[in-house]
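Report on the following structure.
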Amino acid sequence: MTDVFMNTYHRLPLTFTKGEGSWLTDTKGRRYLDFTAGIAVNCLGHGHPALVKAIADQAAKFNHVCNYYQSDVSAAFAEKLVAACSASGMRRVFLGNSGAEANEGACKIARKYSLRKYGPGRYRIVTLRGSFHGRTITTLAATGQDKFHRDFGPFTEGFLYIPGGDIDALDKALDSNTVAGLLIEAIQGESGIVPQTPEYIAAAAKRCAERDILLMFDEVQCGVGRTGTFLACEAYGVKPDIVTLAKGLSGGVPVGAVLAGEKAADVFGVSDHGSTFGGNPLAAAAGLVVLETVNTPGFLAEITRKGGKIRAEIDTWRHPAVKEVRGRGLMIGVDITQDAWPVLEKAIARADASTPGLLILSAGPKTLRFLPPYIISDAEIEQGLGILQGLL
Ligand SMILES: Cc1ncc(COP(=O)(O)O)c(C=O)c1O
């Protein structure tokens, strides 16, 4: 492994050279079953034929045009994406490159909406404790976890954290007449696959509507079908003002999206926002394949079924090391009685020329996290869970 990368990641000692479906192969030819999908990115697995073809075909035409113009492929992607989110009231989209960038865009829209309508002083963005919204100075400020706030201040001001699930705290925060937006992950990913309750989301939607505060869902990890509905917020029956997406949206090509409903769709005007690579034709070509695949009839139901299968299978073990299994669709957290990281290490260390390893994630010190590709087969699920059971 090279040491020229800055030391920002707690990496496991593996270097991959090849992928196929739900499998990755390392430099020594050892194979690993992928329950991570690159942290919810490779939603169609590795080397998906239609995705490969779309990217290659687009690369042969052009990789990029500047935002003075539109490209046919980016326009088609934007239209399909807005249509895919229309059940949640989305009307327009801004395309960028990452989840953090999408959340920055969302915060800008909330602030401009409030400033233009109510004047200065109503600029705060409320987020939840345990949330994760990105690594830029502003999205770190939005992230409601103290451990991310060491060393990098001063941060963008105007973020306020409240505990998820606490409607009194929500009321108190939103009643201050200083709030422009509420930014929520319907299911928190990084802090352990923590779903908000329907009652809490309904209360948040009601209170935001009453106070004209923008309700913004960060669906960077839980969106694009991962939880069995195209947007996770659909399952809560609420219509947000803004939704952010990234990760799985282009199946592995960098992308980010800020979608806006009726209230927020026209807040950004010319020169308010921009991004050189935003709406990049390669990402758009890949994104079109993801949207088409995920919206094929029955595809989302399969995600729900496969997730149910994983959770039910782990329940049948009645394993003393397993405390709780949570999540929806193929976004699953498993609380265990031991530290998670050594389990990740053992899951890869078992691999040799004839024995596969297993790639899993952690989310917090004692939580395993599974975000497998949507195309994972029942046999692969059983194989991966068999490996995990042996390790626990
Ligand atoms: C919910 C959520 N929001 C935002 C981000 C940041 O996305 P990115 O790393 O693409 O900037 C992440 C990344 O893990 C995330 O899970």
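Read-outs throughout are calculated quantities, based only on the coordinates presented, and are distinct from any laboratory measurement. Just so it is clear, the model here is predicted, and its values are computed rather than measured. Cβ: placed from backbone, ideal geometry, glycine included. Neighbour counts: every protein chain shown.
Using the alpha-carbon centroid of each, what span in Å lies between the stretch 226-291 and the stretch 301-321?
When both Cα centres are located, 30 Å separates them.
Give me Rg/Rg_expected for the stretch 148-195, where Rg uses Cα atoms only and Rg_expected = 2.2 N^0.38 Å with N residues. Intermediate results must be reported in sequence, preceding the final value.
Working: Rg = 12.9 Å, N = 48, 2.2 N^0.38 = 9.6 Å.
Ratio of Cα Rg to 2.2 N^0.38 Å: 1.34.
By average Cβ neighbour count within 10 Å, what is the ranking of 86-95, 114-123, 351-360 from highest down?
On the way: 86-95: 19.6, 114-123: 13.7, 351-360: 16.8.
In decreasing order of mean packing, 86-95, 114-123, 351-360 become 86-95, 351-360, 114-123.
Among the lysines, which have Cα under 21 Å from the Cα of Lys309 when same-chain residues fewer than 8 positions away are ignored?
Qualifying lysines at Cα under 21 Å: Lys323.
Would you mind telling me which residue in Ile137, Ile303, Ile39 has the biggest mean-square fluctuation in a Gaussian network model of the chain, where springs connect alpha carbons within a distance under 10 angstrom?
Top of the fluctuation ranking is Ile137.
Within the P(r) computed for the stretch 307-355, what percentage of the Cα pairs occupies the region above 14 Å? Numbers along the way, then the final one.
Details: 705 of 1176 pairs.
Percentage above 14 Å: 60.
Taking Lys147 as the anchor, which lysines have their alpha carbon closer than 21 Å to its alpha carbon, excluding any fewer than eight residues away along the same chain?
Straight-distance partners of Lys147: Lys366.
List, in the order given, every pair from Lys172/Lys206; Lys18/Lys247; Lys28/Lys53 whose Cα-Cα distance in the structure shown is over 26 Å. Display every interim value, and only then the final one.
Details: Lys172/Lys206 14 Å; Lys18/Lys247 20 Å; Lys28/Lys53 28 Å.
Pairs exceeding 26 Å: Lys28/Lys53.
How many times 2.2 N^0.38 Å is the alpha carbon radius of gyration of the stretch 191-320? Kindly include the intermediate steps, with their values, before the conclusion.
Working: Rg = 17.2 Å, N = 130, 2.2 N^0.38 = 14.0 Å.
With N residues counted in the stretch 191-320, Rg over 2.2 N^0.38 Å equals 1.23.
Considering the options Thr244, Ile332, Thr136, tell which one lies farthest towards the positive end of the dipole of the chain, charges being +1 on Lys and Arg and -1 on Asp and Glu at the Cβ, about the Cα centre.
Thr136
On the Cα set of the stretch 169-228, report Rg and Dmax in Å, please.
Values for the stretch 169-228 (Cα only, Rg and Dmax): 12.3, 36 Å.
Applying 1/(1 + (r/R0)^6) with R0 = 30 Å to the Cβ-Cβ distance of Ser377 and Lys53, what FRET efficiency is obtained, to the nearest 0.05?
On the way: r = 22 Å, r/R0 = 0.73.
With a Förster radius of 30 Å, E is 0.85.
Distance from the Cα centre of the stretch 72-94 to that of the stretch 329-344, in angstrom?
35 Å
Modelled label-to-label distance, Gln389 and Lys117, 7 Å Cα→beta-carbon offset: nm?
Computed distance between label sites Gln389 and Lys117 equals 5.3 nm.
Checking the cross-link filter: which aspartates and glutamates have an alpha carbon closer than 18 Å to that of Lys239, excluding same-chain neighbours under 8 positions apart?
Glu185, Glu199, Glu210, Asp212, Asp218, Glu219, Glu262, Asp266
Relative contact order of the stretch 109-165: what whole-number percent is it, with Cα pairs under 8 angstrom and at least 6 residues apart? Mind showing how you got there, number by number?
Values: 76 pairs, mean separation 19.3, N = 57.
The value is 34 percent.
Over the Cα atoms of the stretch 1-110, Rg to Rh with Kirkwood Rh, two decimal places? It would help to have the intermediate numbers written out before the result.
Values: Rg = 18.1 Å, Rh = 17.6 Å.
With Rg and the Kirkwood Rh in hand, the quotient comes to 1.03.
For the chain, what does the helix formula give at 222 nm: sum of -39500 (n - 2.57) over DSSP H segments with n ≥ 4, over the residue count, nearest 500 deg cm²/dmol?
Result for the chain: -11000 deg cm²/dmol, rounded to the nearest 500.
Under a Cβ-only charge scheme (Lys and Arg +1, Asp and Glu -1), can you give me the dipole magnitude of the stretch 194-279 about the Cα centre, in debye to the nearest 20? If you can, show how the numbers build up before the last one.
Working: 7 positive and 10 negative charges, 41 e Å.
So the magnitude is around 200 debye.
What number, in percent, do you get for the relative contact order of the chain if the mean sequence gap of Cα pairs under 8 Å and at least 6 apart is divided by its residue count? Can you show the working numbers first?
Numbers: 802 pairs, mean separation 94.0, N = 392.
Value for the chain: 24 percent.
Rg to Rh ratio, the stretch 53-174, alpha-carbon atoms and Kirkwood radius?
Numbers: Rg = 18.3 Å, Rh = 17.3 Å.
On the Cα set of the stretch 53-174, Rg over Rh gives 1.06.
For the ranges 318-331, 180-193, 12-25, what's the packing order if you count other beta-carbon atoms within 10 Å of each residue, average per peptide, and put the highest first?
Values: 318-331: 17.4, 180-193: 24.7, 12-25: 15.3.
Highest to lowest by the protection proxy: 180-193, 318-331, 12-25.
If you take the C-alpha gyration tensor of the chain, multiply each eigenvalue by 5 and take the square root, what semi-axes do you get, largest first, in whole Å? Numbers along the way, then the final one.
Numbers: eigenvalues 224, 132, 76 Å².
Semi-axes from the Cα gyration tensor: 33, 26, 20 Å.
Can you give the Kirkwood hydrodynamic radius for the stretch 278-392, in Å, rounded to one decimal and based on Cα pairs?
The answer is 15.5 Å.
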